[in-house]
Amino acid sequence: SFLHTPLTGRISKQWCDIGFQGSDPKTDFRGMGILGLSNLLYYAEHDRANALQLLHDSQQPKSRYSFAIVGINITDLAYRLLVGGALKTHLYNVAPEMPSIAHFQQTFCYLMQEFHRFWMEEDPRDIMEFNRIRDKFHKMVLKLLRDPDTALCPHFSASDLHMITL
Ligand SMILES: *[C@@H]1O[C@H](CO)[C@@H](O)[C@H](O)[C@H]1NC(C)=O
C-alpha cells in the first residue's frame, strides 16, 4: 500500500494519502506551525498502531475526514486547552514533578483517539459537520477536565516517557 511507498519529494501528491489538502503540506500547517507537525510525528512514532487505525478509518467512505488536517486542528484544540489553563489538573496528575512537551504530545494522541471515537459515534453525514462535532467534543473535554482526578492519557506507560529527552 501507499504506506510502504517512499516519498518522492517534499512536494508530492502522496501527501494527500495521509490527509493533507494538496501536494504541499506546508500550507496546511499554517494555522499551527511546527507544533502541528511535532504532534503528528509523535503520534506516528509513539502511538503507531493507533495512528494507523485512525488513518485507515478516516479513509472509509462512511466516516471520511482528512487525517492530517484534523490532526492539525486537534493540535489547535490541545493548545487552546493548555493556554487556557484547562489542562492544569491533568498535567499535574500525569506529571507531578514537571510536565514536558512529551506530556503535551501524549495528550494530543489521547485527544485524537477520543475525537475519532466521538466522530464515529456522532455518525456525521460528511465533513461539513466538523465544526459542530468539534465544538461538542471541545465542551465534553472541558467538562471532563473539571474533574480533579482527570488524567487524559491512560494508554501510555511510564516507560514511554523515559524515552523522551528534551
Ligand atoms: C479548527 O477548527 C475550528 C472549527 O472548525 C476552527 O475555528 C479553527 O480555526 C481550526 N484550527 C486550525 C488550526 O485549523
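The values are calculated or read from the model by the stated rules, or taken from the named source; none is laboratory data. Because the structure is a prediction, the values reported are computed rather than measured. Please note: Cβ atoms are built from the backbone with ideal geometry, for glycine as well, and neighbour counts cover all protein chains shown. Just the protein is used for accessible areas: all its heavy atoms, side chains included, with ligands, DNA and RNA removed. Shrake-Rupley method; radii C 1.70, N 1.55, O 1.52, S 1.80 Å.
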Along Cα→Cβ, 7 Å out, is where each label goes; now give me the distance between the ones at A49 and F2 in nm to one decimal. 2.5 nm
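In the stretch 1-157, what percent of the accessible surface is made up of carbon and sulfur (1.4 Å probe, ligands and nucleic acids excluded)? Don't skip to the end; give the middle numbers.
Values: 5100 of 8850 Å².
In the stretch 1-157, the share of accessible area belonging to carbon and sulfur is 58 percent.
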Per the helix-only calculation at 222 nm, which mean residue ellipticity applies to the chain, given -39500 (n - 2.57) for every DSSP H run of n ≥ 4 and division by its residues, nearest 500 deg cm²/dmol? -18000 deg cm²/dmol
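Rounded, prolate or oblate: which fits the stretch 1-64, taking a ≥ b ≥ c as square roots of the Cα gyration tensor eigenvalues, rounded meaning a/c under 1.5, else prolate when a/b beats b/c?
On the way: a/c = 1.37, a/b = 1.16, b/c = 1.19.
Rounded, because the longest to shortest axis ratio a/c is under 1.5.
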Keeping every protein chain present and rolling a 1.4 Å probe, give me the accessible area per residue for the chain in Å². 58 Å²
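Can you tell me the relative contact order of the chain? Whole percent, Cα pairs under 8 Å, sequence separation 6 or more.
23 percent
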Assuming 0.36 nm per residue, please report the length gained on full extension of the stretch L142 to Q59 beyond their Cα-Cα distance. 27.0 nm
Among M128, A151, Y92, the residue whose Cα sits farthest towards the positive end of the charge dipole of the chain, when +1 is placed on the Cβ of each Lys and Arg and -1 on the Cβ of each Asp and Glu, is M128
Can you tell me which of H103, H90, H56 moves the most in a GNM of the chain? Springs connect C-alpha atoms under 10 Å apart. H56
Would you kindly derive the ³J(HN,Hα) couplings of the stretch 135-146 from the backbone phi angles with the Karplus curve 6.51 cos²θ - 1.76 cosθ + 1.60 (θ = phi - 60°), listing them in order in whole Hz, with x for Gly and Pro? 4, 5, 5, 3, 5, 5, 5, 4, 5, 4, 6, 6
Rounded tilt (10° steps) of 33-46 against the dominant C-alpha axis of the chain: 90 degrees
